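What follows is a set of notes on a single structure, which appears directly below.
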Amino acid sequence: MRHSDDHTLHDLDHVSHDNDDPHSVSMFQTSTSQSHPQSLPLSNSSTSASTAVHTPQDDEAEFERYGGDEPRDPPPKPQSGKEPSLAETHVEQPERNEKDREFLQWDGPNDPSNPQNMTRTRKWFITILCAVLTINVTFASSAPSSATMAIAQEFEVGSEVATLITTLFLCGYVFGPLIWAPGSEFVGRRPIFTITILCYCLTILGQALAPNIATLMITRFLSGLFASAPLTNCGGVIADIWDPVTRGTAASIFSASVFIGPVIGPMIGGYLTMSHLGWRWIFWIMMIFAGLCWVLAFLFLPETFAPYLLLKKARRMRKQDPEKHKDVIAEHELMDRSLKGLLHRTVFRPFQMLALEPILILVTIYLSIVYGLLYALFESFPIIWAEKRGFNLGESGLIFIGVGIGTTIGALVNIHLGQKYKELMKTWRGFPPPENRLPGAIAAGPFLVVGIMWIGWTGAYASVPWYVPALGTIVLGISFSLIFISLITYIIETYLMYSASALAANTVIRSAVAAAFPLFTVQMFDNLGVQWASTLIGGIAILLAPTPYIFWKYGHRIRARSRFAPCPDLKIREEIEAEKLSRSSSNV
């Protein structure tokens, strides 16, 4: 999700929520601004003070500036063991080397070139387009799973080797985000979409025409590599165009699309494999779908990454009138574009956070198990419904409809929870504690265990009607959706301007786990039996279920000690308590 998928994806909170607040207008307004410099196209950097009080609005502005991918590392936090006070947020701002240059900003709050000033209709069109792009690439991850045995027979390989068509695709998801996320910093989001989707189409062509298993496997990995670009950047697009009040609904729709693709893949793949068309038509359908998506993206998806838009504008102004605009510069141009700086942001910092941040560690473990379970189901459902109940490939694929219904219900529940979040935004001056995003995951944890046990213990016995375990897939889908959306949103709102690094680490580990699950799922279900294999997975889910509640209870304390979590809500809490104390004193 923002990001995303995954990065998701993506559920974001990064622009000001009060239009009367001068910080709500400019993407690049800094903490040293005293009035409304955003009403002017340029602001002189030489007027900036070297020190300033860092406010919650500055955290938000820094998040918005780079969509969660702040180039600079945070300063160390005081190791006092206490929540940071307002005095401790008085941080030294880095001196600019370009003292006589002017930093380009939007031409006022209604600048039509600002992506957040698009019409509501256009925003929704772009959101739906991003959802379609996500369905396209996630559909490709699961559709060939129904053809595993047919592929094994044609190329005369074992079923374990044929299973690699899913694993290698997901391995592409592991490495892709490390390429495409920083790529948007250099060329913008639009070129990343158009180039990667076109390459994705070509690699699918290689799968449809594959003369041997090696060609099929290599092109599957490359497909996953290119397919990860929409997962990585669609969440960023949603963050670019929506304000925090309305973004919740858009983010929920986008997050649901992450699950819709894997759900419909086995349905279509199963019937195509059974038909006279054969398994190769799975890849022809994938290529047709991908080609249509490329046309839509090429024609209708605009550039939305604001720092890159301002960079292009600054270059255009300097080219049009070199003498007049020689000192005009976009802040994005000051970003460290060296290989060392790029590797630091895209490789070192994500894994540094993964090693040092307890919140990110536990959330990543939990989401990895949940995500891996989803792909394990692609291999276990044929055992439950085909082997034990005599379903054919197409009928077994239809069972995934239950998962799709469940994920849709989960997204709707999340939208409902988001309505209550609006009231909290007023109370907390636009920055509610991130823990308020967790109720969905807290409730869904036990339901996930119930869904796993339901399917396992009713699916293991052929005497139980087929629809009984099928109903359990709805419970499973609801749990998937609520846990995924809640925890991804929690990561984003916890780390704000560093959320892209947090999501990158989460996506890499989650995809690696999902890639590994299909390799042992069939053997595990065959050797342990459906009921005991499900019990094993359910036991792991029981151990992880308290994770969201732990963060609900102690998350604010953990964040207060985190170097990468800005914690604007803690500063606002201190302000509110100080105001209450002041009012009490004045009344006395």
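The values are calculated or read from the model by the stated rules, or taken from the named source; none is laboratory data. Just so you know, these numbers come straight off a predicted model, no measurement behind them. Positions of Cβ are backbone-derived with ideal geometry, glycine not excepted, and every protein chain shown enters the neighbour counts.
Condition first: under 24 Å from residue 270 (Cβ atoms), among the hydrophobic types (A, V, I, L, M, F, W, C) and part of a loop (DSSP other than H, G, I, E, B). Can you find one or more residues in the range 416-433 that meet it?
No, there is no match, as no residue in the range 416-433 is under 24 Å from residue 270 (Cβ atoms), among the hydrophobic types (A, V, I, L, M, F, W, C) and part of a loop (DSSP other than H, G, I, E, B).
So in the range 418-432, with the set limited to residues that are closer than 13 Å to residue 568 by Cβ and of a type outside the set (A, V, I, L, M, F, W, C), which one is surrounded by the most Cβ atoms within 10 Å (Cβ to Cβ)?
Applying the filter and picking the extreme gives 430.
Based on what the data block shows, is residue 471 surrounded by fewer than 24 Cβ atoms within 10 Å (Cβ to Cβ), out of contact with any strand residue (DSSP E or B) (no Cβ under 7 Å at 6 or more places or on another chain) and within 19 Å of residue 373 (Cβ to Cβ)?
Answer is yes for this residue.
Could you identify the single residue in 172, 188, 158 that is touching a Leu at 6+ places or on another chain (Cβ under 7 Å) and not polar (S, T, N, Q)?
172
Yes/no per residue for (1) crowded, with 23+ Cβ neighbours inside 10 Å; (2) under 21 Å from residue 141 (Cβ atoms); (3) at pLDDT 90 or above; (4) not hydroxyl-bearing (Ser, Thr, Tyr):
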| residue | (1), (2), (3), (4) |
| --- | --- |
| 236 | yes, yes, no, yes |
| 246 | no, no, no, no |
| 262 | yes, yes, no, yes |
| 297 | no, yes, yes, yes |
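Quick check on the range 308-367: of everything there that is under 25 Å from the mean Cα position of the chain (by Cα) and of a type in the set (Gly, Ala, Ser), which residue is modelled with the highest pLDDT?
Here the answer is 355.
Would you check which residues across the range 458-467 are assigned to a helix (DSSP H, G or I) and either exposed (fewer than 14 other Cβ atoms within 10 Å of the Cβ) or among the aromatic types (Phe, Trp, Tyr) (or both) and list them?
467
Would you check which residues across the range 429-459 are of a type outside the set (D, E, K, R) and at pLDDT below 85 and list them?
Answer for the range 429-459, where residues must be of a type outside the set (D, E, K, R) and at pLDDT below 85: 430, 431.
Can you tell me which residue in the range 182-215 is modelled with the lowest pLDDT, limited to those that are farther than 24 Å from residue 299 by Cβ, in a helix (DSSP H, G or I) and out of contact with any Phe, Trp or Tyr (no Cβ under 7 Å at 6 or more places or on another chain)?
Filtering first and then ranking leaves 185.
If we scan the range 164-178, do we find a residue that is over 30 Å from residue 522 (Cα atoms) and in a helix (DSSP H, G or I)?
yes
Being aliphatic (A, V, I, L, M) and crowded, with 18+ Cβ neighbours inside 10 Å is the requirement here; does residue 151 meet it?
Yes; evaluated as a whole, the condition is true for this residue.
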